[in-house]
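Written out below as structure tokens is the structure these notes cover.
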Amino acid sequence: MGRRFRGESHHKVDTKGRVSIPASFRRVLEAGDPNWQSGSNPELVIVYGDQRRNFLECYTMEAIEEVDAKIDALPRGSMPRKMLQRMFHGQSFPTNVDETGRLVLPAKLRNKIDLEAEAFFIAAGDTFQIWKPETYEEEELAKSEEWLDDLPEDFDPMELLDGAGGA
């Protein structure tokens, strides 16, 4: 397993859809692109998905290849394979980081998540997500807070790792 994305940050989006990627995220994209060489621009895949997705999910080339291998292992013609192919192959946008460390998000992707002047980046392990800041707060943060409210006051999140991964 390669390097992981970590952290969160807000970045301005200009009228052409250009947005700077956090520097630490760029290092992970470089490490996760087998074709990347110093001085070149790392490639990535942005999965935008269907109308239920209110964010863009960015995959390193290694991470998307893992997903592709799992999709390829499903029976041809099966509904799960068709649905995953539609999302990860059809509803995705292959791109690369430009020379100045920015992504150029096409209008179609910006419009899909109603992205305007500012983008919120949040790490998700081997991927990172791009959200409209208000949508993230209203949807994702609210879900997390609601879930945490149902737990005891002294709940330690590390308990969730007990028994995970067999380690």
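The values are calculated or read from the model by the stated rules, or taken from the named source; none is laboratory data. Keep in mind that this is a model prediction, so the values were computed, not measured. Glycine gets a Cβ as well: all are built from the backbone with ideal geometry, and neighbour counts include every protein chain shown. Quick note on the areas: whole protein, heavy atoms, side chains included, nothing else; ligands and nucleic acids left out. Shrake-Rupley method; radii C 1.70, N 1.55, O 1.52, S 1.80 Å.
Quick look at the numbers
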{"item": "All positions within segment 113-146 that are assigned to a loop (DSSP other than H, G, I, E, B), surrounded by 14 or more Cβ atoms within 10 Å (Cβ to Cβ) and either among the aromatic types (F, W, Y) or modelled with pLDDT of 95 or more (or both)", "result": "I113, L115, K132"}
{"item": "Strands (runs of 3 or more DSSP E) wholly inside segment 1-108 that include at least 2 residues being open to solvent by 30 Å² or more (accessible area, probe 1.4 Å)", "result": "8-12, 18-20, 92-96, 102-104"}
{"item": "Filter result for G101 (of a type outside the set (K, R) and closer than 18 Å to K16 by Cβ)", "result": "yes"}
{"item": "Test set (1) on the phi > 0 side of the Ramachandran plot; (2) of a type outside the set (A, V, I, L, M); (3) under 15 Å from the mean Cα position of the chain (by Cα) - P22 fails condition number", "result": "(1)"}
